[in-house]
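Engineer: Take this structure first; my questions come after.
The values are calculated or read from the model by the stated rules, or taken from the named source; none is laboratory data. This is a predicted model, so every value here is computed, not measured. Please note: Cβ atoms are built from the backbone with ideal geometry, for glycine as well, and neighbour counts cover all protein chains shown. All accessible areas refer to the heavy atoms of the entire protein, side chains included, with ligands and DNA or RNA removed. Shrake-Rupley method; radii C 1.70, N 1.55, O 1.52, S 1.80 Å.
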Amino acid sequence: MAYISKRNRTKEKDRQTAARNRGELIAAGFKRRDLLKMGLLTSAGLLIPKKGLSAHPITSAGMVFDDPQSPPTTPFVENMPRLQVLAPVASLTPAPTAVPNTAAGEGRTETHQAFALYPPQRYYEMSQQQGTVLMAPAGELPPQTIWGFNGITPGPLIVERYGVLGSPGNGSILVRQRNNLPANNGGFGFPSVTTHLHNGHTPLESDGFPCFFFERGQFYDYHYPNVYAGVLSTHPGTGDIKEAMHTLWYHDHRIDHTAENTYKGLAGTYILFNEFDTGNENTGFCLPSFGDGQNPLTSFDIYMVFNDKVFDEQTGLLRFDLFNTDGILGDKFLVNGKINPVLHVSPRRYRFRWLNTGPSRFYQMFVLGPNNTTKSFWQISTDGNLLERPVQVNSARFSVAERVDVIVDFTGQAGKTFYLENRLEQEDGRGPTGNVLGAGQGNKILKIVVDGPVVPDNSVDPATIPAGTYFYGFPNTNDAPRITRTFRFERGNGQWQVNGQLVGGCNQPSRFRIKKNSVEKWVFQNNSGGWQHPIHMHFEEFQTLTINGNPPASTGLITRGRKDVFRLEHNMEAKVYFRFRDFIGKIPLHCHNVVHEDHAMMVLGQIDDVGDNNTQP
Ligand SMILES: [Cu+2]
């Protein structure tokens, strides 16, 4: 199993010793701020060039780290798993309560603000626990110890529906999360958790705020009303259908520890249907049917969770290096928990939901056909928000946490083989170089073989949709903002800052206060040289007003699309438009390169009835 590299053996030994020593510090639960105190970091925040901790020279631009060199694995052998759909439970014990049930071990501290208004119609329960999984073909990598929702990664798929228009609340659910993680992390992972539903319009005590964590042995009830934004404000009684979101995910958001916990497996998926995006290709927008999510003869709406990981070249075990603050790149690409799997499809249209859970890589995904041809496809959404209509593209770029829903048409392609290929060049955690590789030169991530039986296809053919808006259309951006705030994303003391500050601790006062049911304009500035940052705001979607001073072209539907992650590229300045409606509570704005997030590119704020006038929080 061990894989000996061709590198100089002395250097190799130093490198392994250094990695092992860093690993011991990580396993012991040290944070960067502890290392600063211990004198193991330079004043610039870099790991000191001490033999035994860092085997490589350290540059002014940041630490130079080991190139990932996982043991070899055989690609395209194992089938791509379809995500398990979570079944509701009939009841929960103890019964959920609006006020935190601390006597029974609930770790929640705030009362549910919309529990009586939208009583839960269905209950779910998940246990966050250790599990053992195979990520490569049997015999190639050892079984991996992961932390997962119900012990699997990705966690189970929740499939739910918005309440029908006019009856908000009949889509309301409650998800009980239990922290059954072990005290011993076995190398990395921090067994204290908070679960963020990215990017549900949920009362904020159920949002998974980074400081609302709960401990081993505790549980936390998350109330997801599944209502459209505006339901208690701009569009009373219904919410704004143009705020519908369909492709979401959930993941651990523990302050300072999100990278290691999500890398260890604490991420899962969540789909919302409604009477338009129905999950049935014979109704509504006629997008490919979801079916039961499992049966290949009836399930054509497939969620794909991408991540990249590194495995120790000696032991073959998953490796996480906390000391790499640039960001972590893996040399193995997983889809739904398997390295380079295979998907068998029928000659018809499919809806793929692409999610990148990171930790730090950006993708530009192409569909590679026979003889290095590039197959076009239709992008239908940005971050789970349907565009005005499908847009035909040759590729889709998405950074960490972004989602892209696409329609790929395999009609008439029986017998052919395709690959999902990432052609975006990226050499470190700072961000992609910008270079897009040629067809067949990138990372082939998933093999798709069109060898399934011919089955009926009643889904809409995007090529035949007449001109004009096909989906909901975008909400207006005409209401005057109450305030414009500027957020500068920059490097300082070897870490990551927003407006010159690290996140600070959970006891600090909110750095910004949004007035409930108001409009704000935010300016995102990338002031960090060579780095790129996927900037994520919780709770509401934004629309892009300008990028570097230029409004998105009226034809640029993808740039204009509603989003919750803004990909802040080199030297970019963007102005975005937000409405903050219906609910109050604490809220973060942060980089979703989860390594940057933990070190400590995040601002904590709140929505309340008053608001503030801080233009540079
Ligand atoms: Cu970042």
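Engineer: Quick one: would you say ALA600 is hydrophobic (A, V, I, L, M, F, W, C), buried (at least 20 other Cβ atoms within 10 Å of the Cβ), within 16 Å of the ligand (Cβ to nearest atom) and assigned to a loop (DSSP other than H, G, I, E, B)?
Structural biologist: So ALA600 passes the test.
Engineer: Among the residues of the stretch 270-285, are any touching a residue at least 12 places away in the same chain (Cβ under 8 Å), within 16 Å of the ligand (Cβ to nearest atom) and open to solvent by 10 Å² or more (accessible area, probe 1.4 Å)?
Structural biologist: No, that holds for no residue.
Engineer: Still on this structure, please answer the following. For residues that are in a strand (DSSP E or B) and surrounded by 22 or more Cβ atoms within 10 Å (Cβ to Cβ), scanning just the stretch 286-305, find the one that is farthest from the ligand (Cβ to nearest atom).
Structural biologist: Ranking the qualifying residues of the stretch 286-305, first place goes to ASP301.
Engineer: Tell me which strands (runs of 3 or more DSSP E) are completely within the stretch 442-505 and hold 1 or more residues being among the basic types (Lys, Arg), open to solvent by 70 Å² or more (accessible area, probe 1.4 Å) and more than 16 Å from the ligand (Cβ to nearest atom), or say none if there are none.
Structural biologist: 443-450
Engineer: Let me ask you something else. Looking only at the stretch 397-440, filter to residues that are assigned to a loop (DSSP other than H, G, I, E, B) and hydroxyl-bearing (Ser, Thr, Tyr); which one of those is nearest to SER346 (Cα to Cα)?
Structural biologist: Once the filter is applied, the top-ranked residue is THR411.
Engineer: For the stretch 575-593, name all the residues that are over 20 Å from VAL231 (Cα atoms) and either out of contact with any Gly (no Cβ under 9 Å at 6 or more places or on another chain) or within 9 Å of the ligand (Cβ to nearest atom) (or both).
Structural biologist: Of everything in the stretch 575-593, those that are over 20 Å from VAL231 (Cα atoms) and either out of contact with any Gly (no Cβ under 9 Å at 6 or more places or on another chain) or within 9 Å of the ligand (Cβ to nearest atom) (or both) turn out to be VAL576, HIS590, CYS591, HIS592, ASN593.
Engineer: Further, regarding this structure: Out of GLY585, GLY605, GLY556, I need the residue that is on the phi < 0 side of the Ramachandran plot and open to solvent by 10 Å² or more (accessible area, probe 1.4 Å). Which one?
Structural biologist: Numbers: GLY585 fails: on the phi < 0 side of the Ramachandran plot; GLY605 fails: open to solvent by 10 Å² or more (accessible area, probe 1.4 Å).
Every option except GLY556 fails the conditions.
Engineer: Which of the residues that make up the stretch 326-345 are within 16 Å of the ligand (Cβ to nearest atom) and on the phi > 0 side of the Ramachandran plot? First the steps, then the outcome.
Structural biologist: Of all residues in the stretch 326-345, those within 16 Å of the ligand (Cβ to nearest atom) come to 326-329.
Passing the criteria: only GLY327.
Engineer: When PHE524 is evaluated against the numbered criteria (1) away from the ligand (no atom under 16 Å from the Cβ); (2) within 22 Å of the chain's Cα centre (by Cα), which criterion, by number, is the only one it fails?
Structural biologist: (1)
Engineer: Quick one: is ILE483 among the hydrophobic types (A, V, I, L, M, F, W, C), modelled with pLDDT of 95 or more and closer than 19 Å to ARG562 by Cα? Can you show your working first?
Structural biologist: Values: among the hydrophobic types (A, V, I, L, M, F, W, C): yes; modelled with pLDDT of 95 or more: yes; closer than 19 Å to ARG562 by Cα: no.
Answer is no for this residue.
Engineer: Test LEU355 against the criterion of being part of a strand (DSSP E or B) and in contact with a Phe, Trp or Tyr (Cβ under 9 Å, 6 or more places away or on another chain), and give yes or no.
Structural biologist: So LEU355 fits the description; yes.
Engineer: Kindly list, by first and then second residue, each pair from a residue in the stretch 491-515 that is among the small types (Gly, Ala, Ser) to a residue that is open to solvent by less than 30 Å² (accessible area, probe 1.4 Å) and within 14 Å of the ligand (Cβ to nearest atom), limited to pairs with Cβ atoms under 8 Å and residues at least 6 apart or on different chains.
Structural biologist: GLY494/GLY62; GLY494/THR325; GLY500/GLU490; GLY500/GLY492; GLY504/ALA600
Engineer: Does any residue of the stretch 543-551 turn out to be open to solvent by 10 Å² or more (accessible area, probe 1.4 Å) and without any contact (Cβ under 8 Å) to a residue 12 or more places away in the chain? Write out each step before concluding.
Structural biologist: Our first condition is that a residue be open to solvent by 10 Å² or more (accessible area, probe 1.4 Å); within the stretch 543-551, this holds for 543-551.
Next, only the ones that are without any contact (Cβ under 8 Å) to a residue 12 or more places away in the chain stay: 550-551.
Scanning the stretch 543-551 turns up at least one residue that is open to solvent by 10 Å² or more (accessible area, probe 1.4 Å) and without any contact (Cβ under 8 Å) to a residue 12 or more places away in the chain.
Engineer: Do any residues in the stretch 524-537 that are touching a residue at least 40 places away in the same chain (Cβ under 8 Å) have Cβ atoms under 8 Å from those of residues that are of a type in the set (Ser, Thr, Tyr) and within 10 Å of the ligand (Cβ to nearest atom), where the two are at least six apart or on different chains, and which pairs are they?
Structural biologist: Final answer for the pair search is GLN532/SER399; PRO534/SER399.
Engineer: Within the stretch 109-162, can you find the residues that are closer than 26 Å to PRO72 by Cβ and either charged (D, E, K, R) or open to solvent by 20 Å² or more (accessible area, probe 1.4 Å) (or both)?
Structural biologist: Correct list: THR132, VAL133, LEU134, ALA138, GLY139, GLU140, PRO142, PRO143, THR145, ILE152, THR153.
Engineer: Does ASP383 satisfy the condition of being at pLDDT 95 or above, open to solvent by less than 10 Å² (accessible area, probe 1.4 Å) and of a type outside the set (Phe, Trp, Tyr)?
Structural biologist: Here the answer is yes, as ASP383 does meet what is asked.
Engineer: Name the single residue that is farthest from ARG351 (Cα to Cα) among those in the stretch 464-483 being touching a residue at least 12 places away in the same chain (Cβ under 8 Å) and more than 29 Å from the chain's Cα centre (by Cα).
Structural biologist: Going through the qualifying residues, I end up with ARG482.
Engineer: Among the residues of the stretch 562-573 satisfying the criterion of being assigned to a loop (DSSP other than H, G, I, E, B) and surrounded by 22 or more Cβ atoms within 10 Å (Cβ to Cβ), which is nearest to the ligand (Cβ to nearest atom)?
Structural biologist: ASP564
Engineer: Next question. Specify which of the listed residues (GLY549, GLY530) is within 16 Å of the ligand (Cβ to nearest atom) and either more than 21 Å from SER518 (Cα to Cα) or of a type outside the set (Ser, Thr, Tyr) (or both).
Structural biologist: Residue meeting the stated conditions: GLY530.
Engineer: Could you please give the count of residues in the stretch 210-252 that are over 28 Å from PHE474 (Cβ atoms) and either in contact (Cβ under 8 Å) with a residue 40 or more places away in the chain or open to solvent by less than 10 Å² (accessible area, probe 1.4 Å) (or both)?
Structural biologist: 14
Engineer: State yes or no: is LYS309 in contact with a Lys or Arg (Cβ under 9 Å, 6 or more places away or on another chain), touching a residue at least 40 places away in the same chain (Cβ under 8 Å), closer than 30 Å to PHE580 by Cα and not in a loop (DSSP other than H, G, I, E, B)?
Structural biologist: no
Engineer: Quick one: count up the residues across the stretch 179-189 that are surrounded by 21 or more Cβ atoms within 10 Å (Cβ to Cβ) and either of a type in the set (Val, Ile, Thr) or within 19 Å of GLU106 (Cα to Cα) (or both).
Structural biologist: Within the stretch 179-189, the first condition is being surrounded by 21 or more Cβ atoms within 10 Å (Cβ to Cβ), and the residues that meet it are 179, 181, 188-189.
Retained after the next criterion (residues that are either of a type in the set (Val, Ile, Thr) or within 19 Å of GLU106 (Cα to Cα) (or both)): 179, 181.
Going through the stretch 179-189 one residue at a time, the tally reaches 2.
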